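Below is one structure, written out as C-alpha coordinates, with a few remarks after it.
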Amino acid sequence: MFLDLTPEQAGFKADIERFAREVVAPRAAAIDASGEFPSDVIRAAASLGLHGVTVSTAWGGAGRDYLGYALAIEVIGRASATVATSLVVTNSLVAELVEHAGTDAQRDRWLRRLAGGEMIGAFALSEPSAGTDAANQQATATSAGEGYRIVGRKVWVANAVSAGLIIVFASTQPGRRGQGVTAFLVPADAPGITRTAVDDSLGVRGLGCMDLDLDVIVAPDQVLGRVDEGFGLAMWALQGGRVAIAAQALGIGQAALDEAIAHAKKREQFGRPIAQFEAIQWMIADAATELDAARMLMWKAASVKGRGEASPVESSMAKLAASEAAHGAADKAMQVLASAGYRRGSVVERLFRDVRATEIYQGTSEAQRMIIAKHLSS
Ligand SMILES: Cc1cc2nc3c(=O)[nH]c(=O)nc-3n(C[C@H](O)[C@H](O)[C@H](O)COP(=O)(O)OP(=O)(O)OC[C@H]3O[C@@H](n4cnc5c(N)ncnc54)[C@H](O)[C@@H]3O)c2cc1C
(Lines give C-alpha, C1' and ligand atoms only; values in the text may rest on other atoms or scores of the structure.)
Protein backbone atom coordinates (compact mmCIF):
# COMPACT_ATOMS: atom_id res chain seq x y z
CA MET A 1 0.00 0.00 0.00
CA PHE A 2 1.19 3.52 -0.85
CA LEU A 3 0.17 4.61 2.62
CA ASP A 4 2.73 3.76 5.29
CA LEU A 5 0.75 2.40 8.22
CA THR A 6 2.06 2.63 11.74
CA PRO A 7 2.49 -0.78 13.42
CA GLU A 8 -0.61 0.05 15.47
CA GLN A 9 -2.72 0.83 12.39
CA ALA A 10 -1.42 -2.26 10.58
CA GLY A 11 -2.18 -4.52 13.56
CA PHE A 12 -5.69 -3.10 13.94
CA LYS A 13 -6.36 -3.48 10.21
CA ALA A 14 -5.20 -7.11 10.32
CA ASP A 15 -7.53 -7.82 13.27
CA ILE A 16 -10.45 -6.23 11.42
CA GLU A 17 -9.66 -8.17 8.25
CA ARG A 18 -9.82 -11.41 10.23
CA PHE A 19 -13.11 -10.37 11.86
CA ALA A 20 -14.55 -9.32 8.48
CA ARG A 21 -13.51 -12.59 6.87
CA GLU A 22 -14.59 -14.92 9.68
CA VAL A 23 -17.64 -13.19 11.18
CA VAL A 24 -19.04 -10.48 8.88
CA ALA A 25 -18.66 -11.80 5.31
CA PRO A 26 -20.32 -15.18 6.01
CA ARG A 27 -23.43 -13.30 7.22
CA ALA A 28 -23.68 -10.67 4.48
CA ALA A 29 -25.98 -12.53 2.11
CA ALA A 30 -28.34 -13.60 4.91
CA ILE A 31 -28.55 -10.05 6.31
CA ASP A 32 -29.49 -8.84 2.84
CA ALA A 33 -32.00 -11.61 2.23
CA SER A 34 -33.77 -11.32 5.58
CA GLY A 35 -33.50 -7.55 6.02
CA GLU A 36 -33.02 -8.19 9.73
CA PHE A 37 -30.74 -6.03 11.84
CA PRO A 38 -27.61 -8.12 12.57
CA SER A 39 -27.51 -7.54 16.34
CA ASP A 40 -25.11 -10.43 16.95
CA VAL A 41 -22.54 -9.19 14.42
CA ILE A 42 -22.77 -5.62 15.70
CA ARG A 43 -22.34 -6.87 19.28
CA ALA A 44 -19.35 -8.98 18.27
CA ALA A 45 -17.73 -5.92 16.68
CA ALA A 46 -17.53 -4.33 20.13
CA SER A 47 -14.90 -6.85 21.22
CA LEU A 48 -12.54 -5.27 18.66
CA GLY A 49 -13.27 -1.74 19.82
CA LEU A 50 -15.37 -1.01 16.73
CA HIS A 51 -18.07 0.91 18.59
CA GLY A 52 -15.94 3.80 19.75
CA VAL A 53 -12.94 3.53 17.50
CA THR A 54 -11.71 7.11 17.88
CA VAL A 55 -13.27 7.76 21.29
CA SER A 56 -10.62 8.29 23.93
CA THR A 57 -9.76 5.39 26.19
CA ALA A 58 -10.70 7.59 29.16
CA TRP A 59 -14.33 7.23 28.02
CA GLY A 60 -14.10 3.55 27.17
CA GLY A 61 -13.19 3.94 23.49
CA ALA A 62 -10.35 2.41 21.52
CA GLY A 63 -8.55 5.77 21.21
CA ARG A 64 -7.46 5.16 17.61
CA ASP A 65 -6.78 7.76 14.94
CA TYR A 66 -9.24 8.66 12.22
CA LEU A 67 -7.28 6.98 9.47
CA GLY A 68 -7.25 3.70 11.41
CA TYR A 69 -11.02 4.03 11.84
CA ALA A 70 -11.56 4.70 8.13
CA LEU A 71 -9.37 1.75 7.13
CA ALA A 72 -11.43 -0.48 9.43
CA ILE A 73 -14.71 0.72 7.92
CA GLU A 74 -13.41 0.05 4.40
CA VAL A 75 -12.53 -3.51 5.42
CA ILE A 76 -15.96 -4.05 7.01
CA GLY A 77 -17.70 -2.41 4.03
CA ARG A 78 -16.00 -4.88 1.72
CA ALA A 79 -17.62 -7.70 3.71
CA SER A 80 -21.05 -6.17 4.46
CA ALA A 81 -22.28 -2.71 3.56
CA THR A 82 -25.01 -2.96 6.19
CA VAL A 83 -22.67 -3.72 9.09
CA ALA A 84 -20.35 -0.90 7.99
CA THR A 85 -23.17 1.67 7.84
CA SER A 86 -24.48 0.69 11.24
CA LEU A 87 -21.00 1.12 12.75
CA VAL A 88 -20.50 4.47 10.99
CA VAL A 89 -23.74 5.80 12.48
CA THR A 90 -22.98 4.76 16.05
CA ASN A 91 -19.33 5.91 15.81
CA SER A 92 -19.28 9.08 13.74
CA LEU A 93 -22.78 10.42 14.21
CA VAL A 94 -23.35 9.52 17.84
CA ALA A 95 -20.33 8.52 19.97
CA GLU A 96 -17.95 11.06 18.43
CA LEU A 97 -20.56 13.78 18.79
CA VAL A 98 -21.24 12.98 22.44
CA GLU A 99 -17.50 13.09 23.10
CA HIS A 100 -17.15 16.35 21.16
CA ALA A 101 -20.10 18.28 22.58
CA GLY A 102 -21.27 16.46 25.70
CA THR A 103 -20.72 17.39 29.30
CA ASP A 104 -18.71 15.00 31.44
CA ALA A 105 -21.97 13.84 33.03
CA GLN A 106 -23.42 13.09 29.59
CA ARG A 107 -20.24 11.31 28.52
CA ASP A 108 -20.29 9.31 31.70
CA ARG A 109 -23.91 8.32 31.21
CA TRP A 110 -23.89 7.64 27.47
CA LEU A 111 -20.44 7.58 25.94
CA ARG A 112 -19.01 4.78 28.04
CA ARG A 113 -21.87 2.50 27.08
CA LEU A 114 -21.74 3.49 23.41
CA ALA A 115 -17.98 3.11 23.12
CA GLY A 116 -17.97 -0.18 25.00
CA GLY A 117 -20.72 -1.59 22.80
CA GLU A 118 -23.31 -1.92 25.55
CA MET A 119 -25.63 0.12 23.36
CA ILE A 120 -25.63 1.59 19.88
CA GLY A 121 -26.69 5.07 18.84
CA ALA A 122 -28.97 6.57 16.20
CA PHE A 123 -29.03 10.03 14.63
CA ALA A 124 -32.42 11.59 13.86
CA LEU A 125 -31.99 14.61 11.59
CA SER A 126 -34.00 13.85 8.43
CA GLU A 127 -37.71 14.61 8.29
CA PRO A 128 -40.38 14.30 5.63
CA SER A 129 -39.65 17.91 4.54
CA ALA A 130 -36.03 18.10 5.67
CA GLY A 131 -33.81 15.88 3.53
CA THR A 132 -31.10 17.74 1.59
CA ASP A 133 -32.56 20.89 3.17
CA ALA A 134 -31.80 19.58 6.65
CA ALA A 135 -32.05 23.04 8.20
CA ASN A 136 -35.78 23.01 7.45
CA GLN A 137 -36.52 21.27 10.75
CA GLN A 138 -40.26 21.01 11.45
CA ALA A 139 -39.88 19.07 14.69
CA THR A 140 -40.09 21.59 17.48
CA ALA A 141 -38.72 21.68 21.01
CA THR A 142 -40.70 24.09 23.17
CA SER A 143 -40.22 24.91 26.85
CA ALA A 144 -41.99 22.51 29.19
CA GLY A 145 -41.30 23.06 32.87
CA GLU A 146 -37.53 23.24 33.18
CA GLY A 147 -36.99 21.17 30.06
CA TYR A 148 -38.45 20.77 26.59
CA ARG A 149 -41.26 19.00 24.80
CA ILE A 150 -40.11 17.66 21.44
CA VAL A 151 -42.88 17.09 18.90
CA GLY A 152 -42.30 15.97 15.33
CA ARG A 153 -41.53 13.21 12.88
CA LYS A 154 -38.11 11.85 11.91
CA VAL A 155 -37.57 9.54 8.96
CA TRP A 156 -34.99 6.96 7.89
CA VAL A 157 -33.31 6.71 11.28
CA ALA A 158 -30.69 3.99 10.84
CA ASN A 159 -30.02 1.67 13.82
CA ALA A 160 -33.34 2.79 15.36
CA VAL A 161 -34.56 -0.78 15.69
CA SER A 162 -31.85 -1.54 18.25
CA ALA A 163 -30.49 1.80 19.47
CA GLY A 164 -30.34 2.77 23.14
CA LEU A 165 -29.69 6.46 22.47
CA ILE A 166 -31.06 8.68 19.74
CA ILE A 167 -29.64 12.13 19.03
CA VAL A 168 -32.74 14.08 18.02
CA PHE A 169 -32.54 17.46 16.30
CA ALA A 170 -35.45 19.87 16.68
CA SER A 171 -36.15 23.52 16.09
CA THR A 172 -36.00 25.70 19.19
CA GLN A 173 -36.39 28.85 17.09
CA PRO A 174 -38.87 28.11 14.31
CA GLY A 175 -38.14 30.29 11.31
CA ARG A 176 -34.45 30.61 12.09
CA ARG A 177 -33.55 27.39 10.26
CA GLY A 178 -30.00 26.27 11.09
CA GLN A 179 -29.56 29.11 13.57
CA GLY A 180 -32.28 27.75 15.82
CA VAL A 181 -31.89 23.98 15.98
CA THR A 182 -30.97 22.11 19.17
CA ALA A 183 -29.62 18.58 19.61
CA PHE A 184 -31.10 16.38 22.35
CA LEU A 185 -29.96 13.10 23.89
CA VAL A 186 -33.08 10.97 23.96
CA PRO A 187 -33.18 7.41 25.34
CA ALA A 188 -34.81 5.22 22.73
CA ASP A 189 -37.24 3.86 25.32
CA ALA A 190 -38.43 7.33 26.41
CA PRO A 191 -42.22 7.56 26.67
CA GLY A 192 -43.68 9.28 23.62
CA ILE A 193 -41.59 7.70 20.85
CA THR A 194 -43.49 5.66 18.30
CA ARG A 195 -41.22 3.74 15.96
CA THR A 196 -42.37 2.48 12.58
CA ALA A 197 -40.23 0.35 10.27
CA VAL A 198 -39.48 2.10 7.00
CA ASP A 199 -40.62 0.41 3.81
CA ASP A 200 -38.41 -2.30 2.39
CA SER A 201 -35.24 -0.82 0.93
CA LEU A 202 -33.27 -1.57 -2.22
CA GLY A 203 -29.93 -2.05 -0.50
CA VAL A 204 -28.09 -1.85 2.83
CA ARG A 205 -30.94 -4.01 4.01
CA GLY A 206 -31.04 -4.87 7.70
CA LEU A 207 -29.91 -1.40 8.74
CA GLY A 208 -32.75 -1.13 11.23
CA CYS A 209 -34.10 2.08 9.69
CA MET A 210 -37.26 3.38 11.32
CA ASP A 211 -39.41 6.48 11.22
CA LEU A 212 -40.04 8.10 14.60
CA ASP A 213 -43.10 10.00 15.76
CA LEU A 214 -42.08 12.02 18.78
CA ASP A 215 -43.95 13.67 21.59
CA VAL A 216 -41.29 13.51 24.26
CA ILE A 217 -40.42 15.48 27.38
CA VAL A 218 -36.70 15.96 27.98
CA ALA A 219 -34.81 17.49 30.89
CA PRO A 220 -32.34 20.39 30.49
CA ASP A 221 -29.41 18.00 30.97
CA GLN A 222 -30.47 16.19 27.80
CA VAL A 223 -29.50 19.16 25.64
CA LEU A 224 -26.31 18.28 23.76
CA GLY A 225 -24.08 21.31 23.38
CA ARG A 226 -25.75 24.70 23.46
CA VAL A 227 -29.38 25.51 22.77
CA ASP A 228 -29.87 26.72 19.16
CA GLU A 229 -26.44 25.40 18.11
CA GLY A 230 -27.41 21.85 17.24
CA PHE A 231 -27.32 22.27 13.48
CA GLY A 232 -23.61 23.07 13.62
CA LEU A 233 -23.13 19.91 15.67
CA ALA A 234 -24.96 17.85 13.06
CA MET A 235 -22.71 19.27 10.35
CA TRP A 236 -19.63 18.56 12.51
CA ALA A 237 -20.68 14.94 12.96
CA LEU A 238 -21.40 14.56 9.25
CA GLN A 239 -17.86 15.65 8.36
CA GLY A 240 -16.56 12.55 10.12
CA GLY A 241 -19.44 10.43 8.88
CA ARG A 242 -18.70 11.34 5.26
CA VAL A 243 -15.09 10.21 5.59
CA ALA A 244 -16.38 6.91 6.94
CA ILE A 245 -19.05 6.55 4.23
CA ALA A 246 -16.32 7.21 1.65
CA ALA A 247 -14.39 4.33 3.22
CA GLN A 248 -17.48 2.14 3.24
CA ALA A 249 -18.17 2.91 -0.43
CA LEU A 250 -14.59 2.00 -1.31
CA GLY A 251 -15.04 -1.32 0.47
CA ILE A 252 -18.17 -2.06 -1.58
CA GLY A 253 -16.49 -0.94 -4.80
CA GLN A 254 -13.39 -3.00 -4.09
CA ALA A 255 -15.51 -6.08 -3.41
CA ALA A 256 -17.22 -5.55 -6.78
CA LEU A 257 -13.87 -5.18 -8.54
CA ASP A 258 -12.56 -8.34 -6.85
CA GLU A 259 -15.62 -10.25 -8.08
CA ALA A 260 -15.14 -8.91 -11.60
CA ILE A 261 -11.48 -9.91 -11.75
CA ALA A 262 -12.12 -13.39 -10.36
CA HIS A 263 -14.95 -13.97 -12.84
CA ALA A 264 -12.99 -12.58 -15.80
CA LYS A 265 -10.16 -14.99 -15.11
CA LYS A 266 -12.34 -18.08 -15.01
CA ARG A 267 -15.17 -17.39 -17.48
CA GLU A 268 -14.25 -18.50 -20.98
CA GLN A 269 -15.83 -17.34 -24.23
CA PHE A 270 -14.45 -17.78 -27.74
CA GLY A 271 -12.03 -20.32 -26.28
CA ARG A 272 -10.28 -18.09 -23.77
CA PRO A 273 -10.85 -16.32 -20.47
CA ILE A 274 -12.78 -13.09 -20.97
CA ALA A 275 -9.98 -11.35 -18.97
CA GLN A 276 -7.99 -11.53 -22.19
CA PHE A 277 -10.44 -9.30 -24.05
CA GLU A 278 -9.49 -5.65 -24.14
CA ALA A 279 -13.06 -4.52 -23.46
CA ILE A 280 -13.03 -6.39 -20.16
CA GLN A 281 -9.50 -5.26 -19.29
CA TRP A 282 -10.48 -1.62 -19.73
CA MET A 283 -13.45 -1.92 -17.41
CA ILE A 284 -11.24 -3.48 -14.76
CA ALA A 285 -8.49 -0.91 -15.26
CA ASP A 286 -10.91 2.03 -15.08
CA ALA A 287 -12.65 0.73 -11.96
CA ALA A 288 -9.34 0.09 -10.19
CA THR A 289 -8.00 3.53 -11.12
CA GLU A 290 -11.12 5.37 -10.04
CA LEU A 291 -11.27 3.50 -6.72
CA ASP A 292 -7.61 4.19 -5.99
CA ALA A 293 -7.94 7.90 -6.82
CA ALA A 294 -10.93 8.17 -4.51
CA ARG A 295 -9.10 6.18 -1.82
CA MET A 296 -6.40 8.83 -1.73
CA LEU A 297 -9.01 11.53 -1.21
CA MET A 298 -10.45 9.42 1.60
CA TRP A 299 -7.03 9.06 3.22
CA LYS A 300 -6.49 12.80 2.92
CA ALA A 301 -9.87 13.61 4.48
CA ALA A 302 -9.24 11.12 7.29
CA SER A 303 -5.87 12.73 7.98
CA VAL A 304 -7.34 16.24 8.11
CA LYS A 305 -10.20 15.09 10.31
CA GLY A 306 -7.75 13.17 12.49
CA ARG A 307 -5.75 16.34 13.12
CA GLY A 308 -8.90 17.82 14.64
CA GLU A 309 -9.30 20.32 11.82
CA ALA A 310 -12.57 21.18 10.10
CA SER A 311 -12.78 19.13 6.91
CA PRO A 312 -15.94 20.19 5.07
CA VAL A 313 -14.34 20.19 1.62
CA GLU A 314 -12.10 17.16 2.14
CA SER A 315 -14.92 15.06 3.64
CA SER A 316 -17.37 15.98 0.89
CA MET A 317 -14.79 15.40 -1.87
CA ALA A 318 -13.94 12.00 -0.39
CA LYS A 319 -17.58 10.93 -0.13
CA LEU A 320 -18.46 12.24 -3.58
CA ALA A 321 -15.49 10.64 -5.32
CA ALA A 322 -15.64 7.36 -3.41
CA SER A 323 -19.38 6.79 -3.78
CA GLU A 324 -19.29 7.57 -7.50
CA ALA A 325 -16.17 5.44 -8.08
CA ALA A 326 -17.77 2.58 -6.14
CA HIS A 327 -21.01 2.92 -8.09
CA GLY A 328 -18.95 2.78 -11.28
CA ALA A 329 -17.07 -0.28 -10.07
CA ALA A 330 -20.29 -2.12 -9.19
CA ASP A 331 -21.76 -1.19 -12.55
CA LYS A 332 -18.69 -2.44 -14.42
CA ALA A 333 -18.60 -5.61 -12.32
CA MET A 334 -22.21 -6.26 -13.34
CA GLN A 335 -21.19 -5.87 -16.98
CA VAL A 336 -18.19 -8.18 -16.60
CA LEU A 337 -20.30 -10.87 -14.92
CA ALA A 338 -23.28 -10.21 -17.20
CA SER A 339 -25.99 -12.83 -16.55
CA ALA A 340 -23.98 -14.36 -13.67
CA GLY A 341 -24.10 -11.01 -11.88
CA TYR A 342 -27.66 -10.18 -12.78
CA ARG A 343 -28.98 -13.25 -11.01
CA ARG A 344 -30.82 -12.56 -7.72
CA GLY A 345 -28.54 -13.66 -4.89
CA SER A 346 -25.23 -13.11 -6.70
CA VAL A 347 -22.69 -11.10 -4.72
CA VAL A 348 -22.44 -8.46 -7.43
CA GLU A 349 -26.21 -8.05 -7.50
CA ARG A 350 -26.13 -7.25 -3.75
CA LEU A 351 -23.18 -4.87 -4.10
CA PHE A 352 -24.90 -3.14 -7.03
CA ARG A 353 -27.91 -2.42 -4.79
CA ASP A 354 -25.92 -1.59 -1.65
CA VAL A 355 -23.58 0.90 -3.28
CA ARG A 356 -26.38 3.18 -4.41
CA ALA A 357 -27.13 4.32 -0.87
CA THR A 358 -23.65 5.81 -0.51
CA GLU A 359 -24.63 8.50 -3.03
CA ILE A 360 -27.73 9.32 -0.97
CA TYR A 361 -27.23 9.11 2.80
CA GLN A 362 -25.23 11.59 4.82
CA GLY A 363 -25.94 14.03 1.99
CA THR A 364 -26.54 13.24 -1.68
CA SER A 365 -23.83 13.71 -4.30
CA GLU A 366 -25.52 16.97 -5.24
CA ALA A 367 -25.30 18.12 -1.61
CA GLN A 368 -21.57 17.26 -1.54
CA ARG A 369 -21.03 19.30 -4.71
CA MET A 370 -22.95 22.20 -3.16
CA ILE A 371 -20.76 22.08 -0.03
CA ILE A 372 -17.51 21.90 -2.02
CA ALA A 373 -18.52 24.76 -4.32
CA LYS A 374 -19.77 26.90 -1.46
CA HIS A 375 -16.50 26.60 0.45
CA LEU A 376 -14.34 27.13 -2.61
CA SER A 377 -16.21 30.17 -3.81
CA SER A 378 -16.95 31.94 -0.55
C1 LIG B 1 -30.52 3.86 3.78
C2 LIG B 1 -30.70 5.24 4.35
C3 LIG B 1 -30.30 5.50 5.64
C4 LIG B 1 -30.49 6.77 6.18
N5 LIG B 1 -30.14 7.00 7.49
C6 LIG B 1 -30.40 8.21 8.05
C7 LIG B 1 -30.15 8.43 9.45
O8 LIG B 1 -29.66 7.56 10.16
N9 LIG B 1 -30.47 9.65 9.97
C10 LIG B 1 -31.00 10.65 9.21
O11 LIG B 1 -31.25 11.73 9.74
N12 LIG B 1 -31.24 10.47 7.87
C13 LIG B 1 -30.97 9.28 7.28
N14 LIG B 1 -31.24 9.06 5.94
C15 LIG B 1 -31.83 10.15 5.14
C16 LIG B 1 -30.83 10.75 4.18
O17 LIG B 1 -29.89 11.53 4.88
C18 LIG B 1 -31.61 11.55 3.14
O19 LIG B 1 -32.29 10.61 2.32
C20 LIG B 1 -30.72 12.43 2.25
O21 LIG B 1 -30.18 13.50 3.00
C22 LIG B 1 -31.47 13.00 1.04
O23 LIG B 1 -32.70 13.55 1.43
P24 LIG B 1 -34.04 13.12 0.63
O25 LIG B 1 -34.03 11.63 0.50
O26 LIG B 1 -35.17 13.74 1.33
O27 LIG B 1 -33.86 13.70 -0.82
P28 LIG B 1 -34.29 15.19 -1.30
O29 LIG B 1 -33.67 16.20 -0.42
O30 LIG B 1 -35.76 15.22 -1.51
O31 LIG B 1 -33.56 15.25 -2.71
C32 LIG B 1 -34.13 14.73 -3.90
C33 LIG B 1 -33.17 15.05 -5.05
O34 LIG B 1 -33.06 16.47 -5.19
C35 LIG B 1 -31.69 16.85 -5.09
N36 LIG B 1 -31.62 18.18 -4.49
C37 LIG B 1 -32.23 18.62 -3.36
N38 LIG B 1 -31.90 19.89 -3.13
C39 LIG B 1 -31.07 20.26 -4.12
C40 LIG B 1 -30.38 21.48 -4.44
N41 LIG B 1 -30.47 22.58 -3.69
N42 LIG B 1 -29.61 21.51 -5.56
C43 LIG B 1 -29.50 20.40 -6.33
N44 LIG B 1 -30.10 19.23 -6.08
C45 LIG B 1 -30.88 19.17 -4.99
C46 LIG B 1 -31.05 15.76 -4.25
O47 LIG B 1 -29.64 15.71 -4.41
C48 LIG B 1 -31.76 14.53 -4.79
O49 LIG B 1 -31.17 14.14 -6.00
C50 LIG B 1 -31.04 7.81 5.38
C51 LIG B 1 -31.40 7.54 4.06
C52 LIG B 1 -31.24 6.27 3.53
C53 LIG B 1 -31.65 6.01 2.11
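Below are the figures for this structure:
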| read-out | value |
| --- | --- |
| Residue in segment 255-278 that is among the polar types (S, T, N, Q) and surrounded by 22 or more Cβ atoms within 10 Å (Cβ to Cβ) present | no |
| Among the residues listed as 200, 213, the single one being within 16 Å of the ligand (Cβ to nearest atom), modelled with pLDDT under 95 and out of contact with any helix residue (DSSP H, G or I) (no Cβ under 6 Å at 6 or more places or on another chain) | 200 |
| Matching residues, segment 187-202, being charged (D, E, K, R) and not in a strand (DSSP E or B) | 189, 199, 200 |
| Whichever residue in segment 167-181 is of a type in the set (Gly, Ala, Ser) and away from the ligand (no atom under 15 Å from the Cβ) and, among such residues, is least open to solvent (accessible area, probe 1.4 Å) | 180 |
| Pick from segment 115-166, criterion within 10 Å of the ligand (Cβ to nearest atom) and of a type in the set (Asp, Glu), ranking: farthest from residue 222 (Cα to Cα) | 133 |
| Residue under evaluation residue 184, criteria (1) within 15 Å of the ligand (Cβ to nearest atom); (2) part of a loop (DSSP other than H, G, I, E, B); (3) at pLDDT 95 or above, criterion not met | (2) |
| Residue check, residue 90 open to solvent by 10 Å² or more (accessible area, probe 1.4 Å), modelled with pLDDT of 95 or more and of a type in the set (S, T, N, Q) | no |
| Among (1) touching a Leu at 6+ places or on another chain (Cβ under 9 Å); (2) crowded, with 24+ Cβ neighbours inside 10 Å - the single one residue 355 does not satisfy | (1) |
| Checking residue 196 against (1) open to solvent by 20 Å² or more (accessible area, probe 1.4 Å); (2) closer than 18 Å to residue 37 by Cα; (3) in contact with a His (Cβ under 8 Å, 6 or more places away or on another chain), the condition it does not meet | (3) |
| Residues of segment 297-324 that turn out to be free of Cβ contacts under 8 Å to residues at least 12 places away in the same chain and either in a helix (DSSP H, G or I) or closer than 13 Å to residue 244 by Cα (or both), as a count | 1 |
| Flag for residue 36 being farther than 21 Å from residue 298 by Cα and not in a helix (DSSP H, G or I) | yes |
| Candidates 83, 24, 53 - the one that is buried (at least 24 other Cβ atoms within 10 Å of the Cβ), more than 15 Å from the chain's Cα centre (by Cα) and touching a residue at least 12 places away in the same chain (Cβ under 8 Å) | 24 |
| Subset of segment 343-378 (residues that are of a type outside the set (Lys, Arg) and more than 14 Å from the ligand (Cβ to nearest atom)) | 345, 346, 347, 348, 349, 351, 352, 375, 376, 377, 378 |
| Segment 114-166, subset of a type in the set (S, T, N, Q) and not in a strand (DSSP E or B), residue most open to solvent (accessible area, probe 1.4 Å) | 138 |
| Pairs, first of a type in the set (Ser, Thr, Tyr) in segment 364-375, second assigned to a helix (DSSP H, G or I), C-beta under 9 Å, six or more apart | 365/319; 365/320; 365/323; 365/324; 365/359 |
| Some residue of segment 288-304 being over 23 Å from residue 367 (Cα atoms) and among the hydrophobic types (A, V, I, L, M, F, W, C) | yes |
| Filter pass, residue 370 being open to solvent by less than 30 Å² (accessible area, probe 1.4 Å), of a type in the set (A, V, I, L, M) and assigned to a helix (DSSP H, G or I) | no |
| Segment 187-197 - residue that is within 22 Å of the chain's Cα centre (by Cα) and free of Cβ contacts under 8 Å to residues at least 24 places away in the same chain and, of those, farthest from the ligand (Cβ to nearest atom) | 187 |
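The values are calculated or read from the model by the stated rules, or taken from the named source; none is laboratory data. Nothing here was measured: the structure is a model prediction, and the numbers come from that model. Counting neighbours? That spans all protein chains shown, and the Cβs are built from the backbone with ideal geometry, glycine included. Only protein heavy atoms, including side chains, enter the accessible area calculation; ligands, DNA and RNA are left aside. Shrake-Rupley method; radii C 1.70, N 1.55, O 1.52, S 1.80 Å.
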